[in-house]
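I have placed the structure first, in the form of structure tokens, so that the comments after it can refer back to it.
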Amino acid sequence: MFRKLLAFLLVWFSLNCNPGGWAQTTPATSSTGTGTGQWALLIGVNDYPGEIQDLRFARDDARALKELLLTSAGFKAERVRLLTDDSLGPDRATKQNILAALDGLAPRVQPNDQLIVFLAGHGVVRGI
């Protein structure tokens, strides 16, 4: 229940907060000292088990959005997290790693920060 509430709040904040900059362990501060920041959690999943149709470009879409955020939108690399189903370890897009990434964002995202949560994939859920 806590994680569902957290996910809802993160999406709500992303829609209702003003743009602004993400440090790994401390809240970000902009040049004006307002504490505004930009954060992104990007997820790309191509391959699905069983009879669910695999996708061809979901991982590429997530990677392309990361590149765009870094090169054109002024996001800092340490504030953009990319999870894909072809990555290894904590960067692999598994349910556990996605929830852990959301849990890790909660203490870092501050009021007036901008948060993007992007999922390229089917979004199919089986028995939570």
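For the pair residue 96 and residue 48, label points projected 7 Å from Cα toward Cβ lie 2.3 nm apart.
Can you compute the equivalent ellipsoid semi-axes for region 37-77, i.e. the square root of 5 times each eigenvalue of the Cα gyration tensor, sorted largest first and rounded to whole Å?
Sorted largest first and rounded, they come to 27, 10, 5 Å.
Each value in this text was obtained by applying a stated rule to the coordinates, not by laboratory testing. This one's a predicted model, so the numbers in the text were calculated from it and none came from an experiment. All Cβ positions, even for glycine, are placed from backbone atoms using ideal geometry, and neighbour counts span all protein chains on display.
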